[in-house]
Amino acid sequence: WITYPPADLKLIEIKPDVIIITHEHSDHLNLESINIYDNDIPIYYPSFPNKRIESILSSIGFTNLIPMDFGEKNRIDQNIFITSYEPASNFNDSIQLFELGELKLLNLNDAGINYKIADAVIPVDILFSTFGSGASGFPLCWTHLNSDDQFKILDRQFKSRIELLAKASKVYRTKYILPFASFMALVNPEHWDYMRSINKCRI
């Protein structure tokens with residue numbers, strides 16, 4: 001995967017004070033990307049029972065690893081806090097609440113809505129969420145489905161994501177929504193037909 005359209009800012013130009021990993025999927029924990037940074041940079045990540053994030057980061061030499069227990073507020077700087085929350089699903093994913101002074105940013109990632117955390121996070125100033133599709137290969141790679149059925153399913157997926165964002169904005173009493181993390185392309189030529197078939201969400 002590559003970011004498409006290409007970002008104006010190059011990764012090497014970003015000088016983070018800390019890195020936050022939300023979950024272990026390779027579009028969120030990319031070894032080529034993270035390897036350009038110093039091994040002693042503080043890295044915060046959810047404390048999943050399987051310890052895979054810790055194992056991956058340790059294996060490539062990172063030493064300043066800070067696991068976050070779900071629901072526990074972590075001080076990043078004098079006036080900056082992050083709290084990691086579990087997703088509603090069984091997937092190893094997470095939701096992050098960033099508190100920058102009075103400003104509250106809630107990053108849903110791929111995790112969907114967790115109704116149980118609403119009272120702990122509301123009201124939210126800006127809600128961040130993915131809005132696209134294509135990572136799993138469903139339904140376009142399911143060969144028992146004809147193309148009409150595939151595109152009907154894909155269309156329903158997009159519409160349900162938009163409905164999820166609308167619902168999340170009410171649950172978390174959100175002022176603004178920032179859809180993100182859904183602009184990508186596949187580099188290998190054998191994937192181009194698949195990539196062109198992913199009807200990008202334009203709702």
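Identify, please: which residue in segment 171-203 is open to solvent by less than 40 Å² (accessible area, probe 1.4 Å), assigned to a loop (DSSP other than H, G, I, E, B) and closer than 19 Å to GLY112 by Cβ and is, among those, modelled with the highest pLDDT? Here the answer is TYR172.
Number of residues in segment 157-199 that are of a type outside the set (A, V, I, L, M) and more than 30 Å from LEU103 (Cα to Cα): the value is 11. If you go through segment 1-14 and keep only what is open to solvent by 100 Å² or more (accessible area, probe 1.4 Å) and under 24 Å from SER94 (Cα atoms), you end up with just TRP1. Taking residues in segment 39-58 that are free of Cβ contacts under 8 Å to residues at least 60 places away in the same chain and within 14 Å of THR22 (Cβ to Cβ), and partners anywhere that are open to solvent by 60 Å² or more (accessible area, probe 1.4 Å) and of a type in the set (Phe, Trp, Tyr), the pairs with Cβ atoms closer than 7 Å and at least 6 places apart or on different chains are PRO46/PHE70. Number of residues in segment 61-88 that are within 16 Å of PRO46 (Cβ to Cβ) and out of contact with any Asp or Glu (no Cβ under 9 Å at 6 or more places or on another chain) equals 7.
Between ASP8, ASP38, ASP17, the distinction of being modelled with pLDDT under 90 and out of contact with any Ser or Thr (no Cβ under 8 Å at 6 or more places or on another chain) belongs to ASP8 only.
Kindly check whether there is at least one residue in segment 3-18 that is in contact with a strand residue (DSSP E or B) (Cβ under 9 Å, 6 or more places away or on another chain), aliphatic (A, V, I, L, M) and assigned to a loop (DSSP other than H, G, I, E, B). Checked against the condition, which is being in contact with a strand residue (DSSP E or B) (Cβ under 9 Å, 6 or more places away or on another chain), aliphatic (A, V, I, L, M) and assigned to a loop (DSSP other than H, G, I, E, B), segment 3-18 yields at least one hit. Inclusion of ILE153 among residues that are over 28 Å from ALA185 (Cβ atoms) and either among the β-branched types (Val, Ile, Thr) or in a loop (DSSP other than H, G, I, E, B) (or both) is not warranted.
Each residue in segment 145-203 was checked for being out of contact with any strand residue (DSSP E or B) (no Cβ under 7 Å at 6 or more places or on another chain) and at positive phi, and 1 pass.
The set of residues in segment 122-134 that are in contact with a strand residue (DSSP E or B) (Cβ under 9 Å, 6 or more places away or on another chain) and under 21 Å from ASN90 (Cβ atoms) comprises SER129, THR130. The numbered conditions (1) in contact (Cβ under 8 Å) with a residue 40 or more places away in the chain; (2) open to solvent by 50 Å² or more (accessible area, probe 1.4 Å); (3) of a type in the set (A, V, I, L, M, F, W, C) are all true for ALA168 except (2).
The values are calculated or read from the model by the stated rules, or taken from the named source; none is laboratory data. No experiment lies behind these values; they were computed from the predicted model shown. All Cβ positions, glycine included, derive from the backbone under ideal geometry; neighbour counts span all protein chains shown. Only protein heavy atoms, including side chains, enter the accessible area calculation; ligands, DNA and RNA are left aside. Shrake-Rupley method; radii C 1.70, N 1.55, O 1.52, S 1.80 Å.
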